[in-house]
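Student: Got a structure for you, questions after.
The values are calculated or read from the model by the stated rules, or taken from the named source; none is laboratory data. Remember, predicted model here, so these are calculated numbers, not experimental data. FYI the Cβ positions are ideal-geometry reconstructions off the backbone, even for glycines, and counts take in every protein chain you see. Heads up: the accessible areas ignore ligands, DNA and RNA and are worked out on the full protein's heavy atoms, side chains in. Shrake-Rupley method; radii C 1.70, N 1.55, O 1.52, S 1.80 Å.
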Amino acid sequence: MSKRFGMFFFVALMGLVALRPFLAAARCPQVAVGATLSDQQQRRVPGEPASGRPPEFTAADYAAAAALLERNLQGTVKNQSVEPHWIGESGGFWYQRDEAQGTSYVQFDPKAGSRSPLFDHAAVATALARALGALGAEAKPTATNLGLRNVAISADLKALTGLAGRKAVTCNLVAVSCEASDQKPAEPGLLPSPDGRRVALIRNHNLVVRDLASGQETQLTSDGDRYFSYGSLTEDYLMTIPTRKAGVRLPPVGCAWSPDGRYLIAPRNNERKVRVNPFIEWVPQDGSRRPILHEVRMAFAGDREQVEAKLFVFEPATGSQTLIAIPESYDVARTLSSDPVGWSVARRQVFFIARTTGSKSVALLRIELATGKAAIVLEETSPTRVEANTVEYNTPNVRIVDDGAEVIWYSARSGWGHLYRHDAQTAALRNAITAGEWAILDILAVDERRREIYFTGGAREPGRDPYYRHLYKARLDGGEPKLLTDTDADHQFEPTPPPLLRLLFRTPVPVPRIRPDAGVFLDTYSTVNTPPMTVLRSTTDGRQIAEVERADAAALFAAGWRAPVREKVKAADGKTDLFAVYYAPLREIGQPKHPVVDAVYGGPQVSVTPRNFVEAYAGNRNAVALARLGFAVVTVDGRGTPNRSSAFRDAGYPEFTQVGIDDHIAAIRKLAARHPEMDPERVGIYGWSWGGTFSAQAILSRPEFYDVAVSGAGLYDYAAIYPGFSLFTGVPEYAGGSISRTRPDESPANWKKLDITAMAGNLKGRLMIIYGDLDENVPPSQAFRLVAALVKANKPYDLVYLPNRTHAGGGDPYTIRRTWDYFITHLLRAEPVPDVVVTVKPPLQLHR
């Protein structure tokens, strides 16, 4: 979210593996990869069928396609994963299991390799119904649907607590009796200390600490004011309007308690000089007639008036407040983009990751809590960018161990992301933990007692898909890592999401799947065409101890879903391996070949091409629905995206979007040579957020290849939006070498090739632009800038305005239908079905 919180969570806003920006390039049309002038001269009119009559569509076709949308498929795969609740150090656990009808709670015994009911479900359902009945239960519990959420089981497995509707429930599982009471809503806006004795909160823009036992409060600051606040989100965090309208009260943001609860780290943000960006609610949701103006303080790239942030250490017991002296070259706001990476209680130190503007340098800062003095322990620089994880949204791969004696440091200094052990006090390199031409993905656990670390990695095993995650164990003191997941598939170990994702989107922290103390871990793995398998393995050697679950995908296939294929193709350079997923058409169109649709995102901070079964059906970017309408759908991660080598990530920097577009073209041509039903002469492209940027740039920079584009919520002019994109585009360079504008109309000299609006005159096919009027992530002004450029170039375009929509409008049923209609009209030359309503289910509420 803005430069302050590590960029934009575009993917999260769309309910995907993850959310963010985009890029651009080349201002003039160029010949597509592998094409010749005669190829272009012989090319058909965009969207013209090769032969045969256009297909006919009915409401039933739309309904069949809608049934295959991600949200409508939720719940169709049973036991696709297991969320373990570990029982002591036995290696056993309990979990909620999907049954043929409803769910149950079961206990898994690793010695017997079998599961059994955790309690008598029928008896507990009866006890629950009795307890809730007198209090007005909304739905009667049954043995297969207790109707509970936030379930917790005591360590001795004798008691259950949970929520049923608005009631708090406690059940004695031995006596099989339950009690229910009115749920006491938790007070919002509280940040508890690690021992649970105190909480921090913001009141009137100041920081307050409350003792929970006595209720006594200590006000730590008194000079806070609006736009000069301690621990509050600044208005450029991209969700200000909905937060205001909902009256949400957030806990202190960017704040952290020390493990012993003695110190509290908190920022003060000064946004008093930041200029206002207007958003107009043209059709007020409160029913009023006059449009509502929402003013949001949001700096633009090149503004001299940016948010000024300072970081403080507070000691609530004494009321002391100490300014942390962040090194001048480092951006305080960037330092607050994640939690502290570690603490030393004995030395009274905290460790942060800090970045310079554009992330050209990244440092590990060691801060003395008593004085606020900061020292640079480790520092790395790059001509492109330095990252602490190959995926920008994931938690940094840095850990402080042995109470501040050592640091596990992530670095791509070799060209591949690897782990190194340094002295956290002197910075001396002790040893490399990993090495080689393969990539560390995420640190999952550190066993300090055994001096071992568990992490996922890719591309280490010869001949395997480099995007498949495998679990490894390594000695902190060095040595060859041990592969613990030998099955050739993607092993679904999810990292802990960053703090702002957890706060704003309520993204849950994954339950630990590795228990070094018990010597076991839970492994769920799959491919795009094989349903998940969950097994219990040994942390010693990865040996399978027992099979836990085989996912049941019968209902998914019964709904008409068909598995795609994942294939390796060459990039536009003819050398680099890319991995694409192809969804074959699921209906005949009366023509020998089917038009191709490129389903894209293309942002540099995440990979989106499915690598496992769940991603193939639940994160398919509506690909299967389009396949059901008769399109051949492709998704691919081109160069410029993460999870590979530094060279792969930095390809074309900073014009990686153009490199990615050329890679997509190369991939589609190669796939079409293998799949004769694909028509590479009729190609559409669509995407949202950075995918919207990618789509617009694709049809404008490569008009000889792309015929139709749907660009949703795209960024088209980096110089006319908030700062933060310099991480991917390079630091802006204005006149005289300044990073600030010298006149209102100035654009950075080094960003000219990234300006998609300058490519408007290249348009030959059909382009539909979609935007939401309350989208703070990509403000409507971006759509208007591209529209203005198209009008100036005398180019026709189509525009879809979504009233009262934020950045999440890509999943709107109306947006989906208009996208289908556009491709049917302009790629198939067929008539869409009028007045069809696409139905999309609300997000599934899991009672976990």
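Student: Quick check on packing: order 405-414, 120-129 by the mean number of other C-beta atoms within 10 Å, highest mean leading.
Tutor: 405-414, 120-129
Student: Once you sort the root eigenvalues of the Cα gyration tensor of segment 63-187 as a ≥ b ≥ c, which label holds: rounded (a/c under 1.5), prolate (a/b larger than b/c) or oblate (the other case)?
Tutor: It is oblate, given that a/c is not under 1.5 and a/b is not larger than b/c.
Student: Apply the a/c threshold of 1.5 to the C-alpha gyration tensor of segment 352-408 and tell me whether it is rounded, prolate or oblate.
Tutor: Here segment 352-408 falls in the oblate category.
Student: Based on the Cβ-Cβ distance of S90 and A122, what FRET efficiency does E = 1/(1 + (r/R0)^6) give at R0 = 25 Å, to the nearest 0.05?
Tutor: 0.40
Student: On to the next question. Please give the length that would be gained between N794 and T487 if that part of the chain were fully extended, namely 0.36 nm times their separation in residues minus their C-alpha to C-alpha distance (nm, one decimal).
Tutor: 104.9 nm
Student: Between R587 and R550, what FRET efficiency follows from the Cβ-Cβ distance if R0 is 41 Å, with the result rounded to 0.05?
Tutor: The formula returns an efficiency of 0.85 here.
Student: Turning to a different aspect of this structure: Please give the length that would be gained between T825 and K575 if that part of the chain were fully extended, namely 0.36 nm times their separation in residues minus their C-alpha to C-alpha distance (nm, one decimal).
Tutor: Full extension from T825 to K575 adds 86.3 nm.
Student: Place a point 7 Å from the Cα of I739 along the Cα-to-Cβ direction; which residues of segment 368-390 have their backbone N under 19 Å from it?
Tutor: 376, 379-388
Student: In bins 5 Å wide, starting from 0, what share of all Cα pairs of segment 736-806 does each bin hold, as a percent?
Tutor: 3, 14, 20, 20, 17, 15, 7, 3, 0
Student: Then there is this: Compute the distance in nm between two label points, each set 7 Å from the Cα along the Cα-to-Cβ direction, one at Q74 and one at K310.
Tutor: That separation, rounded to one decimal, is 4.5 nm.
Student: S320 to T243: extension gain in nm, 0.36 nm per residue of separation minus the Cα-Cα distance?
Tutor: 24.5 nm
Student: Diagonalise the Cα gyration tensor of the chain and give the resulting equivalent ellipsoid semi-axes, square root of 5 times each eigenvalue, largest first, whole Å.
Tutor: Over the Cα atoms of the chain, the ellipsoid semi-axes are 41, 35, 29 Å.
Student: Hey, another quick one. Could you put K273, K753, K473 in order of accessible surface area, largest first, with the 1.4 Å probe and the full protein assembly present?
Tutor: Result of the area sort, largest leading: K273, K753, K473.
Student: To continue, here is another question. Given a 1.4 Å probe and every protein chain left where it sits, what share in percent of the accessible area of the chain is carbon and sulfur?
Tutor: Heavy-atom surface of the chain belonging to carbon and sulfur, 1.4 Å probe: 50 percent.
Student: Further question on the same structure: Which log10 I(q)/I(0) values does segment 767-833 give at q = 0.12, 0.22, 0.24, 0.25 Å⁻¹ under the Debye formula, counting every alpha carbon as one identical point scatterer?
Tutor: Summing over Cα pairs of segment 767-833 leads to -0.35, -0.97, -1.05, -1.08.
Student: Calculate one ³J(HN,Hα) per residue across segment 496-501 by plugging θ = phi - 60° into the Karplus curve 6.51 cos²θ - 1.76 cosθ + 1.60, and present them in order as whole Hz with x for glycine and proline.
Tutor: Computed from phi, the couplings for segment 496-501 are 5, x, x, x, 6, 4 Hz.
Student: Next up: If I model a spin label at A375 and A59 as a point 7 Å from the Cα along the Cα→Cβ vector, what separation in nanometres do I get?
Tutor: 7.4 nm
Student: Moving to a separate point now. Whole angstrom only: what separates the Cα centroid of segment 631-665 from the Cα centroid of segment 366-400?
Tutor: First find each Cα centre; the distance between them is then 27 Å.
Student: On average, how much accessible surface per residue is there in segment 139-224, in Å², for a 1.4 Å probe, leaving out ligands, DNA and RNA?
Tutor: Heavy-atom accessible area per residue stands at 57 Å².
Student: Using the per-residue mean of other Cβ atoms lying within 10 Å as a proxy for protection, in what order, highest first, do the peptides 830-836, 374-380, 325-331 fall?
Tutor: Put in order of decreasing packing, that is 374-380, 325-331, 830-836.
Student: Antiparallel versus total DSSP beta bridges in the chain: what percent is that, nearest 5?
Tutor: 85 percent
Student: So, in nm, how far is label D98 from label S177 when the simple model puts each one 7 Å beyond its Cα toward the Cβ?
Tutor: Simple spin-label model gives 3.8 nm for this pair.
Student: While we're on this one: Using the eigenvalues of the Cα gyration tensor, what equivalent ellipsoid semi-axes result for segment 130-207 when each is taken as the square root of five times the eigenvalue, whole Å, largest first?
Tutor: 31, 17, 10
Student: Determine, from the Cβ-Cβ distance of K111 and V565 and an R0 of 30 Å, the FRET efficiency 1/(1 + (r/R0)^6), rounded to the nearest 0.05.
Tutor: For R0 = 30 Å, the calculated efficiency reads 0.15.
Student: I've got another one for you. Consider all pairwise Cα distances in segment 276-335 and report the whole-number % of them above 14 Å.
Tutor: Roughly 73 percent, rounded to a whole number.
Student: Could you put D650, D195 in order of accessible surface area, largest first, with the 1.4 Å probe and the full protein assembly present?
Tutor: The residues order as D195, D650, largest area first.
Student: Can you show me the helix-derived [θ] at 222 nm for the chain, built from DSSP H runs with n ≥ 4 at -39,500 (n - 2.57) apiece and divided by the number of residues, rounded to the nearest 500.
Tutor: That calculation yields -4500 deg cm²/dmol at 222 nm.
Student: I've got another one for you. Output the Kirkwood hydrodynamic radius of segment 568-689, Cα pairs only, in Å rounded to one decimal.
Tutor: 14.5 Å
Student: Taking the convex hull of the alpha carbon atoms in segment 115-172, what volume per residue do you get, in Å³?
Tutor: Measuring per residue, one finds 80 Å³ for the Cα hull of segment 115-172.
Student: Right, another one. Would you mind working out the accessible area per residue for segment 601-753, using a 1.4 Å probe, and quoting it in Å²?
Tutor: 21 Å²
Student: Let a ≥ b ≥ c be the square roots of the eigenvalues of the Cα gyration tensor of segment 456-556; is it rounded (a/c under 1.5), or, if not, prolate (a/b larger than b/c) or oblate?
Tutor: rounded
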